[in-house]
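The values are calculated or read from the model by the stated rules, or taken from the named source; none is laboratory data. Treat the numbers as computed from the prediction; the structure is a model and nothing was measured. Heads up, the Cβs are rebuilt from the backbone with ideal geometry, glycines too, and the neighbour counts pull from every protein chain shown. Quick note on the areas: whole protein, heavy atoms, side chains included, nothing else; ligands and nucleic acids left out. Shrake-Rupley method; radii C 1.70, N 1.55, O 1.52, S 1.80 Å.
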Amino acid sequence: MSLMRSFQVASTALSSQSLRMNALASNLANAESVAGPDGQPYRPKHVVFRPAPILGEVAAGVEVASVHEDMRPGPKVYKPGHPSADASGYIQMPNVNPVEVMVDMVSASRSYQMNVEVMNTSKQLMLKILDLGRG
């Protein structure tokens, strides 16, 4: 793999992980949102990746295949005074587990950091090659 190719692969991973972190941040921010614009509880978003061809090669990078909403219902919580409570006093909460989201966010953040390191290392190698060419 050429050094320029490593920049291309790492850049696809950076943009994909950035989108993943944004979706996770949205999930965490809305973990207690019982009603969205459609009046329904917030639906967590999940980012799905797939291999991405770069310059005609197969699986030379990664891209976002889709962002889908989790349609599973969340837990019902008894809060009889809440404006969104049903006749029994229960409200439908989003299907967001903040602990799982935080673990996933740490994973996405580390993946992002590793790809930044790949780009920095490639840059340093290219600079060394240029220095060798000058000497």
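For Lys45, go through the lysines and keep the ones whose alpha-carbon is under 22 Å away, minus same-chain ones fewer than eight residues off.
Lys76
Using only Cα atoms, tell me the angle between helix 98-134 and the longest principal axis of the chain; keep it within 0 to 90° and round to the nearest 10.
The two axes meet at around 10 degrees.
Report the calculated FRET efficiency for Ala60 and Gln113 (r = Cβ-Cβ distance, R0 = 25 Å), to the nearest 0.05.
Values: r = 21 Å, r/R0 = 0.85.
According to the calculation, E is roughly 0.75.
So what's the projected area for the range 21-120, the Cα convex hull averaged over all directions, in nm²?
On the way: hull surface 33.4 nm².
Seen from a random direction, the Cα hull of the range 21-120 projects 8.3 nm² on average.
Given the options Ala25, Ala108, Ala87, which has the most mean-square fluctuation in a GNM of the chain, springs set between C-alpha atoms less than 10 angstrom apart?
Ala87
Compare Met71, Met119, Met93 by solvent-accessible area with a 1.4 Å probe and give them largest first, with all protein chains kept in place. Let's see the in-between values first.
Details: Met71 125, Met119 50, Met93 20 Å².
Correct descending sequence by accessible area is Met71, Met119, Met93.
Any idea which of Met4, Val67, Leu19 is furthest toward the positive side of the dipole for the chain, if Lys and Arg beta-carbons carry +1 and Asp and Glu beta-carbons -1?
It is Met4.
Rounded to the nearest whole Å², what accessible area per residue is found for the range 1-112 with the 1.4 Å probe?
60 Å²
Determine, from the Cβ-Cβ distance of Arg72 and Ile129 and an R0 of 35 Å, the FRET efficiency 1/(1 + (r/R0)^6), rounded to the nearest 0.05. Please report the intermediate quantities before stating the final value.
On the way: r = 52 Å, r/R0 = 1.48.
Once rounded, the FRET efficiency stands at 0.10.
Kindly provide the helix-only [θ] at 222 nm of the chain, computed as the sum of -39,500 (n - 2.57) over DSSP H runs of four or more divided by all residues, to the nearest 500 deg cm²/dmol?
Details: 2 runs with 64 residues, N = 135.
Value at 222 nm, helices only, nearest 500: -17000 deg cm²/dmol.
What whole-number distance in Å separates the alpha-carbon centres of the range 69-92 and the range 1-47?
Distance between centres, Cα-based: 26 Å.
Would you tally the net charge around Gln124, using a Cβ to Cβ cut-off of less than 14 Å, leaving Gln124 out, and scoring K and R as +1, D and E as -1? Can you show the working numbers first?
Numbers: positive: Lys123, Lys128; negative: Glu117, Asp131.
Computed value for this residue: 0.
Counting only protein heavy atoms, what percent of the accessible surface of the chain is carbon or sulfur at a 1.4 Å probe? Let's see the in-between values first.
On the way: 5200 of 8770 Å².
Ligands and nucleic acids excluded, carbon and sulfur reach 59 percent.
So how much slack lies between Asn22 and Asn120, counting 0.36 nm per residue of separation and subtracting their Cα-Cα distance, in nm? Mind dumping the intermediate values first?
On the way: separation 98, 0.36 × 98 = 35.28 nm, distance 2.33 nm.
Gain in length upon complete extension: 32.9 nm.
So for the range 33-135, taking the charge dipole from beta-carbon charges (+1 Lys/Arg, -1 Asp/Glu), which of Tyr112, Ala87, Gly36 sits furthest toward the positive end?
Selected residue: Tyr112.
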